[in-house]
Amino acid sequence: MAVSLSYIPHLLPSHRLMEANAKPASANTLADIGGPALAGALIGAIGAARAVAADAAPETARGVLISDAYAHIEVHDWQLGGRPS
């Protein structure tokens, strides 16, 4: 969380920093409390295996999209420090 907060002082004036830093902390606390409760409800509703699959699906999609994006990036030798031909 500290890394995600490091940009806040660059975006806001100093008199708004306390409020700005409190909001992500509040969201993090809410996630710490609500996440396990939501997970328990999801496991109770659809079962543990399906809940794990539901949790893994966005990560799998992200991996596919990132690998597809990297597949379309063309790197030339000169970009890696070689000489252009």
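The numbers here are math on the coordinates, done by the rules we state, and not lab data. Every value quoted in this text rests on a predicted model; they were computed, and no experiment measured them. Cβ atoms come from the backbone with ideal geometry, glycine included; neighbour counts cover every protein chain shown.
Return the whole-Å distance between the Cα centroid of the stretch 4-29 and the Cα centroid of the stretch 36-78. Centre-to-centre distance over Cα atoms comes out at 29 Å. Once the Cβ-Cβ distance between Ala22 and Glu74 is put in as r, and R0 is 35 Å, what FRET efficiency do you end up with, to the nearest 0.05? Computed FRET efficiency for Ala22 and Glu74 comes out at 0.20.
Here Asp55 and Thr29 are evaluated by their C-beta separation; at R0 = 25 Å the FRET efficiency comes out at 0.75. Over the stretch 1-57, all Cα pairs binned in 5 Å intervals from 0 give whole-percent P(r) values of 4, 16, 18, 14, 11, 11, 10, 9, 5, 1, listed from short to long.
Modelled this way, with points 7 Å down the Cα-to-C-beta line, the labels at Ile66 and Ala45 are 2.8 nm from one another.
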